[in-house]
Amino acid sequence: MNVSIIVPVFNEEKYIFSQLEKVERVRHTLFEYSEIIIVNDGSSDGTEAKINQFIATVPLDKNSEVIVLHNDVNQGKGACLKLGIKKASNEFIIIQDADLEYSPDDWADLIKPIQDNHADVVYGSRFIGEKPHRILYFWHYAGNRIITFFSNLFTDINLSDVNCGYKVFPRNSIDIEKLHEKRFAIDVEITIMLSNKPNLRFYEVGIGYYGREKNEGKKTTWSDGVKALYSVFKYGDPKKIPFVNFLTKISPNIYFLIFFTWATILRLTQYFARGSFWLDECAIALNLRDRNYAELLQPLDYNQVAPIGFLLTTKFFINYLGQNELSYRIIPAFSGVFSIVLLYLFVRKFATTRIALIVVSYSYFQLYLPIIQHK
């Protein structure tokens, strides 16, 4: 098995030499050919000196290269992995964090499903298995579980620890140019990309976890969790959720029929209860007649908002046809329908017919729903 081991590192002067020594020791026992790709992400401490010290101790071996790449300024874990994957020349990628939270001694367990031809992708997990793991922050754990849940929802794979630093996957399964995240959200983005590749078999194995506290150099924060969760919705495929997939296959005409019928029933209910179909439109018409423009910005009696098409047409008819039954009954009704037509034409200009029909039919329903709630 030939692997490229990518080690992103930023300001890890205290740990990097020890970690690289472990990487060097373990890789010779497991792999016929391997390369270590160290990406120094603009470190400002003594990390670069420690890397150079390590390289000086590595014997020349054509079957086990060490490559060092540098970012002039700190760009994040995601940027480092993109650079490392682009440079990698071997069949499989192993991601290895530069601190001591993950031990290379777990590699043997990670690659075994691949060597046994059971898996194509293997993720480590801090939450399964019997290996020791340090107990740290509850909210980090809770955030990770939330991100993992939504990642599973959008990928239809059942991982227990999507943010785990240990991942093994085929180099050719990653489209470098399609990776966008520069920081820790790269874990989610890679997972979604791999899940979209056909026929990749995922496995998960328990690993040890020797976590650090913030005063020991841990760099992830709550904002990284928010960004990772956002990335799930940004890159995930909603069609992998069965219910959403079912809804997307329904004709827009069905949606239109459902919402239009429902809204019509509400209108009829209003008529029998109040004697008018258009009480809310009439309220707006009176405000326009009396030039109470400030009232147009306030919620109506039924907590509704009139579309711009209605406002314009009602103002026109009130000004030019005067105050009479026609103005307060028929014209507002016409304006309400006309506003729906304008809304459809506006949405259709920027979206498909399907989207326009759904938006318009839902708007028609939503505008008049509070009528039922008002007594």
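The values are calculated or read from the model by the stated rules, or taken from the named source; none is laboratory data. What you see is a predicted model, and the numbers here were worked out from it, not measured in a lab. Virtual Cβ from ideal backbone geometry, glycine too; neighbours counted across all protein chains shown.
List of remarks:
- Any hit, segment 23-41, residues being under 35 Å from the mean Cα position of the chain (by Cα), in a strand (DSSP E or B) and charged (D, E, K, R): yes
- Residue among 108, 98 that alone is assigned to a helix (DSSP H, G or I), among the aliphatic types (A, V, I, L, M), in the same structural domain as residue 7 (by TED's automatic domain parsing) and touching a residue at least 24 places away in the same chain (Cβ under 8 Å): 108
- Residue identified as touching a residue at least 12 places away in the same chain (Cβ under 8 Å), closer than 25 Å to residue 163 by Cα, aliphatic (A, V, I, L, M) and assigned by TED's automatic domain parsing to the domain that holds residue 133 among 55, 16: 16
- Checking each residue in segment 197-228 for being of a type in the set (A, V, I, L, M, F, W, C), assigned to a loop (DSSP other than H, G, I, E, B) and buried (at least 18 other Cβ atoms within 10 Å of the Cβ) picks out only 207.
- Checklist (1) at pLDDT below 90; (2) among the polar types (S, T, N, Q); (3) under 13 Å from residue 7 (Cα atoms) applied to residue 40, failing item: (1)
- In segment 131-178, the residues that are part of a loop (DSSP other than H, G, I, E, B) and either closer than 18 Å to residue 80 by Cα or among the acidic types (Asp, Glu) (or both): 156, 161, 163, 164, 165, 166, 174, 175
- Conditions (1) over 30 Å from residue 127 (Cα atoms); (2) surrounded by 13 or more Cβ atoms within 10 Å (Cβ to Cβ); (3) at pLDDT 65 or above; number of the one not met by residue 271: (3)
- Residues in segment 21-37 that are free of Cβ contacts under 8 Å to residues at least 60 places away in the same chain and among the hydrophobic types (A, V, I, L, M, F, W, C): 31, 36, 37.
- Of the candidates 91, 101, the single residue that is under 31 Å from the mean Cα position of the chain (by Cα) and buried (at least 17 other Cβ atoms within 10 Å of the Cβ) is 101.
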